[in-house]
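The values are calculated or read from the model by the stated rules, or taken from the named source; none is laboratory data. Owing to the predicted nature of the structure, the values given are computational and were not obtained by experimental measurement. Positions of Cβ are generated from backbone atoms using ideal geometry, with glycine treated the same way; all protein chains shown enter the neighbour counts. When the accessible area is computed, the model is the full protein with side chains, heavy atoms only, and any ligands, DNA or RNA have been set aside. Shrake-Rupley method; radii C 1.70, N 1.55, O 1.52, S 1.80 Å.
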Amino acid sequence: MNDRLVIKRVWNHVCMFIVTIMVTLLLCAKRQILLDQFLGIVCIAVIWFVLFLFLIEHDRAEGLICHNRETDFRKILYGYTSAAIVVFLAAYFPEFVKPLMLVPLLIVAFGSERLALITGIFWDAMLCLVLGLHSQELVLYCLMTIFGAILAGTAEEAVKREKTLIWYEVLLFCLSIMLPITFYYLTYQEVHFKLLLWGLFEGAISVLWMQFGFRHFSRLREQEVNDILTDIIDDTYPLVRELSSFSKQEYQHARRVSELAAKCAKVVGVDEKTCAAAGFYYRIGIMEGEPLTQSGIRIVQEHCFPEDVIRIISEYDGETAPPSSIESAIVHMVNGLVKKIEVFDSYTMASEWNQDMVIYQTLNEYSASGIYDQSGLGMNMFLKIREYLVNEENFFF
């Protein structure tokens with residue numbers, strides 16, 4: 001499979017670019033800087049965003065974002081936009097107390113620690129550049145970004161293990177108070193009580209986000225693939241409705257293969273949701289015509305389906321490649337079996353003996369052909385699936 005230009009991803013790229021330019025413009029407007037400086041700052045923002053796109057595309061291709069190479073960056077857009085809003089609001093806070101530790105906490109919840117670190121430092125530099133802040137403030141905000149990214153990255157592991165975040169929150173609260181006071185003192189050799197109050201406010205906000213928002217959105221990000229697998233076969237999903245409008249017969253076939261493939265997956269203990277989704281869209285390429293395999297790949301990539309589903313569809317009927325996973329082998333045999341049974345009329349298939357004969361003959365032919373040799377489907381698994389289909393499943397539609 002090759003990466004394609006996917007409209008969903010491109011649209012989210014464009015949205016993030018618009019957010020970057022808009023926040024930059026608003027910061028410049030607040031300072032009322034000269035035109036030549038304004039153009040230079042916008043140029044820096046554009047250059048950075050190009051490199052940022054290169055980074056997120058690289059991380060996507062390596063499966064580092066949501067563990068899904070086919071992510072559409074929607075969650076990244078949410079985190080990026082939220083962080084940009086925090087940066088804009090921070091411009092109105094007093095010096096040395098801007099709540100920029102929230103930026104990496106927001107980005108990590110939706111993306112990754114690396115993205116958080118790079119994005120946070122960029123906005124720290126941009127804020128200091130546009131507002132003309134002290135170099136000590138730049139150092140402070142960069143340190144806050146680094147510490148925030150470290151705490152968020154390690155807290156993410158704690159969330160996965162269902163551990164408490166209390167110690168992360170205590171450390172985050174202390175840093176939010178101590179760092180601004182320390183850097184303010186280094187700059188002016190004095191400390192104001194208001195600085196402590198602002199630090200308490202920033203620490204409280206950071207702790208609340210860590211306890212509730214961070215935990216919630218980190219879990220949602222980890223569940224992205226499972227959520228997609230469930231959503232894309234729901235009758236309300238646009239592509240499902242499109243298939244139903246295209247052909248009721250194709251829709252019924254897809255639904256039968258989906259449900260039966262999930263049941264077979266459960267019998268042998270493999271991924272039911274992947275089998276259900278891949279089974280439903282196994283021959284979605286029929287909507288665009290020959291070649292069915294390439295048409296199917298194009299359709300599902302445009303909708304940013306999970307990589308495992310796309311791979312199974314790319315192995316449709318073994319035309320271009322044999323099944324390379326157990327899930328792919330299950331979808332292949334179920335699709336072939338349902339397709340063969342659909343050829344017979346209901347009177348013929350009303351006989352249990354006839355149905356059993358079709359199942360045995362079809363599956364034995366597939367097994368003997370060697371098409372599943374590279375899938376990892378063992379003989380024991382094959383026999384379990386065959387016996388289940390013979391003894392448990394009724395193909396009389």
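Hey, among the residues in the range 266-293 that are in contact with a helix residue (DSSP H, G or I) (Cβ under 7 Å, 6 or more places away or on another chain) and more than 29 Å from Ile385 (Cα to Cα), which one's most open to solvent (accessible area, probe 1.4 Å)?
Our first condition is that a residue be in contact with a helix residue (DSSP H, G or I) (Cβ under 7 Å, 6 or more places away or on another chain); within the range 266-293, this holds for 266-268, 270-289, 292-293.
Next, only the ones that are more than 29 Å from Ile385 (Cα to Cα) stay: 287-289.
On the way: Met287: 41, Glu288: 91, Gly289: 22 Å².
Going through the qualifying residues, I end up with Glu288.
Could you go through the range 12-28 and let me know if any residue there is among the hydroxyl-bearing types (Ser, Thr, Tyr), in a helix (DSSP H, G or I) and either modelled with pLDDT of 90 or more or open to solvent by less than 30 Å² (accessible area, probe 1.4 Å) (or both).
Yes, the range 12-28 contains a residue that is among the hydroxyl-bearing types (Ser, Thr, Tyr), in a helix (DSSP H, G or I) and either modelled with pLDDT of 90 or more or open to solvent by less than 30 Å² (accessible area, probe 1.4 Å) (or both).
With the checklist (1) farther than 29 Å from Asp227 by Cα; (2) free of Cβ contacts under 8 Å to residues at least 60 places away in the same chain in hand, flag the one item Val23 doesn't pass.
Just one mismatch for Val23, condition (2).
Of these, His58, His67, which one is touching a Leu at 6+ places or on another chain (Cβ under 9 Å) and either exposed (fewer than 14 other Cβ atoms within 10 Å of the Cβ) or at pLDDT 95 or above (or both)? Working first, answer last.
Values: His67 fails: touching a Leu at 6+ places or on another chain (Cβ under 9 Å).
The match here is His58.
Select from the range 239-267 the residues that are closer than 17 Å to Leu229 by Cα and among the hydroxyl-bearing types (Ser, Thr, Tyr) and list them in ascending order.
Ser258
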